[in-house]
1. Just a yes or no: is a residue in the stretch 141-155 free of Cβ contacts under 8 Å to residues at least 12 places away in the same chain and on the phi < 0 side of the Ramachandran plot?
2. Consider residue 287 carefully, then state whether it is surrounded by fewer than 22 Cβ atoms within 10 Å (Cβ to Cβ) and either within 23 Å of residue 186 (Cα to Cα) or among the basic types (Lys, Arg) (or both).
3. Considering only the stretch 256-299, state which residues are of a type in the set (A, V, I, L, M, F, W, C) and not in a helix (DSSP H, G or I).
4. Looking at (1) of a type outside the set (Ser, Thr, Tyr); (2) within 23 Å of the chain's Cα centre (by Cα); (3) surrounded by 13 or more Cβ atoms within 10 Å (Cβ to Cβ); (4) closer than 26 Å to residue 220 by Cα, which one does residue 19 not meet, given that it meets all the others?
5. Hey, does the stretch 45-59 have a residue that's out of contact with any Phe, Trp or Tyr (no Cβ under 8 Å at 6 or more places or on another chain) and closer than 15 Å to residue 286 by Cα?
6. Quick check on this structure: which one of 83, 59 is part of a strand (DSSP E or B) and over 20 Å from the mean Cα position of the chain (by Cα)?
7. For the stretch 1-45, enumerate the residues that are hydroxyl-bearing (Ser, Thr, Tyr) and in contact (Cβ under 8 Å) with a residue 12 or more places away in the chain.
8. Could you check residue 294 against (1) surrounded by fewer than 19 Cβ atoms within 10 Å (Cβ to Cβ); (2) more than 28 Å from residue 155 (Cβ to Cβ); (3) touching a Phe, Trp or Tyr at 6+ places or on another chain (Cβ under 7 Å) and say which number it fails?
Amino acid sequence: MRHVSPKLQQWLENYNRLIKELLDNGFKQTPANARDGLARLTQGLVTKWPEIPWVQDDLVDAPHYSVPVRIYHPAPDSHLPVLIYYHGGGHMAGNVTVYDPICRKIALSTQHIVVSPEYRLAPECPYPTGLQDGYNVAQRIWTTLDGRGLRYQRRLSIAGDSGGGAMCATLAHMAQHDPGINIRRQALIYPGLDYTMNSASMEENGTGYLVEKKKITWFFDNYFQNGENRRKASPLYMDFTDKLPQTLMITAEFCPLRDEGYAYMEKLKSTNVQVEHLYFDDMIHAFINMENLVQEECAAVYRKIGEFLNPE
């Protein structure tokens, strides 16, 4: 018998009741209130902001658009490897400020220089704009680090949650054919990997668990505005070779995207790419944005990412 964690049950009941009341009173989803909702959720439930010795905003210069980034160096006197963290939000919400406490914890747990890109969002900037921003950061981050005079190792990994996980996986597939980018490892936290939304978990977990199927559909309809082939754009259906990076997959039982993660891992294994899997049998999508309710689970995520990026 499946059961959501008792730590989340009351919160979910209150949330679902509130959403029903809003809809009954004529609430309409917009990009503005979607962004506000993710920001309020995270700022209300991720309230510990650890100190990092060096944190600065900068730009990654690229043709047509220079991408704002926030850089976290947990040990400025040491030459550390680099991790680009792509925030979640369904390609429509989230930003560097909302994810600041999460990136601080990842920097400390991994002892990597964490780079958090402010990639452009739909619907104002639909597919593939944000993806290109993400790729430009992966290509050009070294020039920005050099400009700051930072100590670093030229070893690049990537990570992200939800839509940011989708971006990670897509960039990894692009980079496997680009000799100019070498991605060592990728950590995917309940990533979106199938824009066709064709999985059993999308139906099983598509209602009542915070991120619902109808909202995911709305996100994707705003992201893909020009009749793109969504299957072709999905990492799950891209080219799999042994040049893909070693992968950590983090999934949650009550997440609509759960089965996409399973299917992706099987394809990686079929091409002899090493995969590690961290599974939570009672969590929902976006639980790292709800840390105050599930502190032990979030600590396990950060600890596992640190172990994965720093193998003995």
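The values are calculated or read from the model by the stated rules, or taken from the named source; none is laboratory data. These numbers come from a predicted model, not from an experiment. Every residue, glycine as well, gets a Cβ built from its backbone with ideal geometry; the counts of neighbours run over all protein chains shown.
1. Yes; the residues of the stretch 141-155 include at least one that is free of Cβ contacts under 8 Å to residues at least 12 places away in the same chain and on the phi < 0 side of the Ramachandran plot.
2. No; evaluated as a whole, the condition is false for this residue.
3. 257, 273, 275, 278, 280, 283, 284, 286, 293, 294
4. Going through the list (1) of a type outside the set (Ser, Thr, Tyr); (2) within 23 Å of the chain's Cα centre (by Cα); (3) surrounded by 13 or more Cβ atoms within 10 Å (Cβ to Cβ); (4) closer than 26 Å to residue 220 by Cα, residue 19 breaks only (2).
5. yes
6. The unique qualifying residue is 59.
7. 5, 15, 42
8. (1)
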